[in-house]
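Here's the structure, in structure tokens; my notes come after.
The values are calculated or read from the model by the stated rules, or taken from the named source; none is laboratory data. All values reported here derive from a predicted model rather than from experimental measurement. With ideal geometry, Cβ positions are generated from the backbone for all residues, glycine too; neighbour counts draw on all protein chains shown. When the accessible area is computed, the model is the full protein with side chains, heavy atoms only, and any ligands, DNA or RNA have been set aside. Shrake-Rupley method; radii C 1.70, N 1.55, O 1.52, S 1.80 Å.
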Amino acid sequence: MHKFIFKPFDEMTEKDYATVGFKSGLEIHQQLLTEKKLFCRCPAGRYSDKYDAEILRHMRPTLSELGEYDGTALMEFKTKKEIIYRIKRETVCTYEMDDTPPFQIDDHALDSALAIGMLYGCTMVDEVHIARKQYLDGSIPTGFQRTAIVGVDGNIPYKNREIKIIQLSIEEDACREVSDIGHRRVYITDRLGMPLIETVTGPDMRTPIEVAEVAQICRRLVRSTGRVRTGIGAGREDVNVSVTGGTRIEIKGVPRIVSIPLLTYNEAMRQWNLLRLREELKRRGITEKSFKSKTENVTKILRKTRYQPIQNAIEQGMKINCVLLQGFKGLLRWQTQTDTYFSREISDRVRVVACLTTLPNIIHSDSSGDTIAASEWQNIKKQIGGKDDDTLVLVWGDEQDANTGAQEIVIRAKEATIGIPSETRQAFRDGTNGFERILPGPDRMYPDTDLPPKRIEDEKLEKLHLTLPNRIWENEKWYRKLKIPTDVIEPLAASKYTKLFEMLVKDSKLNPTLVAVVLIQYQKRLKTYFPKAKQIEIETFEEIFEAFKSGIITREGIILAMKGAFTNSKLRFPKKIKSPELTKVIKESQKAIKKMKVQKKDKATEILMGMIMHKVRGRVEGRVVAERIGFSGKGKN
Amino acid sequence: MASDDYKGYRGEALSTLKNFDALVWSDVEIKTSRGSYTGIILPRSETADPLHVVIKLRSGYNIGIAVSKIQNIKITGRKEAHYKIPEKAFPYDPKKPNVKLLGTGGTIASRLDYRTGAVIPAFSPGELYGSVPELADICNLETEKLYGVFSENMGPEQWRGTAEAIGREIEKGVQGIVIGHGTDTMHHTAAILSFMVQNSPVPIVMVGSQRSSDRPSSDAALNLQHSVKTAAESDIAEVMVCMFGPTSDTYGLLHRGTRVRKMHSSYRSTFRTIGDIPIAMVSTEKITPIRTDYKKRRNDKNVIINTAFEEKVSIVYYYPNMKPDIIDSLIDNDYKGIVIAGTGLGHVNKPLYPALKRAKEKGIAVYMTVQTLWGYVQMYVYDTGRDMMELGVIPGENMLPEVGYMKLGWALGQTNDLEKVRDIMMTPIAGEITEREPSNGYLIFQGGIPEVEEFISKYRK
């Protein structure tokens, strides 16, 4: 059935992806640009690794609204992690510490979410209900994220079809993880509670490239509202991938869109190869029912081993368990992703669930690498009663962890006979992914009893609708018609200046190319000199263009004014020079140049031009000066 | 039950649902003038408006739909929620001590209530074992639900009932008693139980939670473990409150029932011993006494239960510019006792004097406590204080105002003879008045000061 073999990433064609039934959807998290956090009055967007105090908590699973426990919750409970929160007075109050109930939802954030929902063409809800979405990994001290749907059922055009937007929700951001070693996970809380929106698309993308392209469209669409944060970590994607016969797998927290194609390719390959592995197991007669394994304590046999990790473990008084997987010989070397094998699926589980975070955390008899001596494998095999077609896996740790580890090895190996376990997986830099946790279901949702539902009046939506920019694809079409430079079209359409541009071109009748170039290119270039400066406000640009239009400043004056806007808050326009003053400046400069020893006589006029412009830049067009002194330029404008 | 068919819905929303025979828990497709939604119709909170229908979407999220926009509701199925903590029989081990858990309400064990949209208590040994299986490692637990009320609704009837239940359990020979209680008035109940139950041979531990147990971060499970451990294993035979020491999940404190007070509206570590130090620290591993002068566990059953209580007692929280009519109205309404929470060392303004004089003449017991909470009433220091004593106001030493209220109610319940009342009031029974305030009995760290910040950064909050 699964005859197709994955080719390297570059060689995969659209047809190949069709063969494996590649399907992918996105969950895009985008921080909203607000002054404060979503459910308290702490400032948003202030990051620092410094902290004043620590809090320790544990998480326990609780029942869902429909009276069921969530699978992930139970898994996380099994891991028994000690969670440490680092808190800083300036960015965290007693709300984030979960020592104060939530305050009313930040109106500004809610407005932004509603506006963006409408931009996606969603059906907006009439009453927003805050839910608690459980996260027992500790990334939120309450153990849940407060989240609410604001709209459902939107769409964006892509190629010649539509990508469905299933839902758009507003939610609070989680902590940033500092470390996760053994039974201790550390978080910093500065980001915690910041408002963000989550946009969920349908599983409508058919190739890895399509996924990235749709992510890009969505990113640009939300940016065009000017209501979202930009920069590292402000936008993060979760990518859902499945293949025919596979399972929906969620790859969490992809920070960059460019890494999406390789990640989704590897996930599709992983699922496909796991399905092939199931077929191989079936061929060997191993099914869910006939699966057999055995676990034994082999600490004694390995007392004198020279293999360093186990030697260390024994010195620390740890236990070494051996798991025999009957009939699995060679299968731990079964390829799953690029340069990645089935053994890693097992190692990941042991790492996460048994908290054995120091790698390697398992070794196995299928490995070609140097581990324990062949004679030691033989002895273990004898003790546990293994046959030639079996595989042995060793795991070590303190008594409890070693036992949990052995259990997880058995669980994961057995799952291979069933198919692909529903998981969320974390993205790695090399484009592969690793197990993070069991995929949570709707059972982890619970209504927030701390906050009443919030009614959204039609008038509010109508008002917000007026503030919406055109959707980017509509603007881009118009810009192309206006013939503004091609490299400016996309950034402009996704910027917060679209409404301003429209006004300046339609109402003020300014040259579209000039306006577009000033808004995007000038600003970009100037930004390299003022990397810390914020984007220029729309109102500031309005003033600058007004001054330009009424002749107060020249084209060059625009740049000076923008520089001013970057460095201080108040706008100061250079006054346009009057003719007598200009004549005076020219005469003085001519006098000065005569006193200088100019080596290359032919450059004299050019130097003069430079001297004069240095004094009058921004107050008069360069070409006026050139004309007066008879400078013909260097052949460019 | 027909009334549950459309649970919580009223007005326009109710008639719309009835129109389409769309009962609560129906799986539906709702068509509106804006678009369509698919999900399960949920009950609605009775306090919410009558204009929206709540559905749970497939993703698990809930949303509200304005009924005015609904065009059609198509019913495709039904999925009713059975919110139930998995019940497992609490294991019995003859080698383990027997502990009784008396429930009065509160959020120690709770679940969602659709009617109000808030949480309501859920409570049985099976449920507790289902959610906190660790309890079985400590003891054999039996539970009895005495009441199911929020703590603000606790009153004399419940106090008496609880004290009597404690007496019965001691008679039966339990090794310790835990009382689940809402936190708001836990210190009131702790105080009255300290008076109503005397000479207890076993620990009596009050416990609650500041974060309800339907939250993964709840303090309920750990508080329960701490309190059950204290009841089963500690040698402290007093009425105590067992709640978080710091906000971190590290240890709990055992506060003496007459010196404890809830000091923050929402913090986990809200309970503090005032004017003294707590009796002990408790973690899941061990109980560490931090003082030695507590009453020790005994093997007898010689408990004294005295549930007298006079309800016509009040606390008056004095404020500048208070008018005498406040006191007058208590006199006119036949109050028998007044506890004043005065300013500073125990003062009220002069305009109140005539009213206080009237109270004295009518034979009303008036006791002074301090609204500073820490420190003693010292009415000899200023003339004001001496004047008031002339008017019959009795200084209540360092009794906390709420404790003073409870004790005065208890004393007046036993006798109307003001001299006898005075004897009862001024003779410490359970640490409500202490002879001395240790220097570490008053510690409220001030944030921002370098050495305090240094301390906070070293020890988990």
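One table, with the values for the structure above:
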| read-out | value |
| --- | --- |
| The stretch A:294-410: C-alpha gyration tensor shape, a/c 1.5 cut-off, then a/b vs b/c | rounded |
| Largest-first ordering by accessible area, 1.4 Å probe, given options A:E423, A:E90, B:E361, B:E437 | B:E361, A:E90, B:E437, A:E423 |
| Taking only Cα atoms of the stretch A:80-157, radius of gyration then Dmax in Å | 15.9, 46 |
| Neighbouring partner chain Cβ atoms per residue of A:444-454, average, 10 Å criterion | 5 |
| Cβ neighbours within 10 Å from other chains - mean over A:95-104 | 4 |
| Sites B:D4 and B:V381 - FRET efficiency at Förster radius 60 Å, r taken between beta-carbons, to 0.05 | 0.40 |
| Hull volume in cubic angstrom per residue (convex hull over the Cα atoms of the stretch A:23-242) | 137 |
| Cα-only radius of gyration and Dmax that characterise the stretch B:225-332, units Å | 18.6, 55 |
| Cα→Cβ-extended label distance, 7 Å offset, between A:A604 and A:K563, nm | 3.0 |
| Length released on extending from B:K312 to B:N416, taking residue separation times 0.36 nm less the Cα-Cα span | 36.2 nm |
| Relative contact order %, the stretch A:469-567, counting alpha carbon pairs below 8 Å whose residues are six or more apart | 24 |
| Ellipsoid equivalent to chain B - semi-axes via the Cα gyration tensor, in Å | 45, 30, 22 |
| Candidate lysines - alpha carbon under 20 Å from B:K360, same-chain residues fewer than 8 apart omitted | B:K312, B:K323, B:K336, B:K350, B:K407, B:K420 |
| Distance violations [Cα-Cα > 25 Å] among B:K7/B:K31; A:K563/A:K584; A:K252/A:K292 | A:K563/A:K584; A:K252/A:K292 |
| Viscosity 0.890 mPa s, temperature 25 °C, Stokes-Einstein D of the stretch B:313-426 from Kirkwood C-alpha radius, µm²/s | 180 |
| J(HN,Hα) series, the stretch A:416-428, from Karplus relation 6.51 cos²θ - 1.76 cosθ + 1.60, nearest Hz, glycine and proline x | 5, 7, 9, x, 10, x, 6, 9, 9, 10, 9, 7, 9 |
| Chain A - convex hull of the alpha-carbon atoms, volume per residue in Å³ | 224 |
| Members of B:K79/B:K100; A:K81/B:K458; A:K300/A:K387; A:K483/A:K534; A:K329/A:K382; B:K262/B:K357 lying beyond 26 Å, as alpha-carbon distances in this model show | B:K79/B:K100; A:K483/A:K534; B:K262/B:K357 |
| Highest average packing first - B:178-184, A:466-472, Cβ atoms within 10 Å | B:178-184, A:466-472 |
| Square roots of five times the Cα gyration tensor eigenvalues for the stretch A:133-173, Å | 31, 11, 7 |
| For the protein assembly as shown: Kirkwood Rh in Å [reciprocal of mean 1/r, alpha carbons] | 34.7 |
| Size descriptor, Kirkwood hydrodynamic radius, that averages inverse alpha-carbon separations across the stretch A:334-385, Å | 12.5 |
| For a label point 7 Å along the Cα-to-beta-carbon line of B:Y459, residues of the stretch B:222-247 with backbone N under 16 Å | B:244-247 |
| For chain A: relative contact order, % (alpha-carbon pairs under 8 angstrom, 6 or more apart) | 14 |
| In Å², nearest 10: area of B:S265 left accessible to a 1.4 Å probe | 100 |
| Share, in percent, of DSSP beta bridges within the stretch B:312-461 that are antiparallel, nearest 5 | 5 |
| Trypsin sites (Lys or Arg not before Pro) within the stretch A:147-187, DSSP loop, no more than 15 other Cβ atoms inside 10 Å | A:K159 |
| P(r), alpha carbons of the stretch A:453-599 - 10 Å bins starting at zero, rounded % | 9, 30, 26, 19, 10, 3, 1, 1, 0 |
| Distance (nanometres) between label positions extended 7 Å along Cα→Cβ at B:S265 and B:T372 | 2.6 |
| Two-decimal Rg to Rh for the stretch A:193-288 - Kirkwood Rh, Cα set | 1.11 |
| Test item: A:142-151 mean partner chain Cβ contacts at 10 Å | 3 |
| Spatially proximal lysines relative to B:K95 (Cα-Cα < 20 Å; intrachain offsets below 8 disregarded) | B:K172, B:K229, B:K286 |
| Alpha-carbon centroid distance for the pair the stretch A:323-354 / the stretch A:182-258, whole angstrom | 28 |
| Chymotrypsin sites (Phe, Trp or Tyr not before Pro) within the stretch A:407-505: DSSP coil, no more than 15 neighbouring Cβ in 10 Å | A:F428 |
| Accessible area (Å², 1.4 Å probe, nearest 10) - A:S365 | 50 |
| The stretch A:351-423: trypsin sites (Lys or Arg not before Pro) falling in loop per DSSP and having at most 10 other Cβ within 10 Å | A:K387 |
| Those residues of the stretch A:232-270 whose amide nitrogen sits under 18 Å from the label point placed on A:E14, 7 Å along Cα→Cβ | A:261, A:265 |
| Over chain A: helical MRE at 222 nm, DSSP H runs n ≥ 4 each giving -39500 (n - 2.57), nearest 500 | -11000 deg cm²/dmol |
| Solvent-accessible surface ranking, highest first, for B:L42, A:L33 at 1.4 angstrom | A:L33, B:L42 |
| Per-selection Rg to Rh, the stretch B:3-78 - Cα, Kirkwood hydrodynamic radius | 0.91 |
| Taking only Cα atoms of the stretch A:579-629, radius of gyration then Dmax in Å | 10.7, 31 |
| Residue-averaged 222 nm ellipticity for chain B, from DSSP H runs of 4+ at -39500 (n - 2.57), nearest 500 | -7500 deg cm²/dmol |
| Extension gain, A:T244 back to A:T528 (0.36 nm per residue minus Cα-Cα distance, nm) | 97.5 nm |
| Heavy-atom accessible area order for A:R89, A:R220, B:R460, largest first, 1.4 Å probe | A:R89, B:R460, A:R220 |
| For the stretch B:98-305, diffusion coefficient by Stokes-Einstein and Kirkwood Rh (Cα), 4 °C, 1.567 mPa s, µm²/s | 79 |
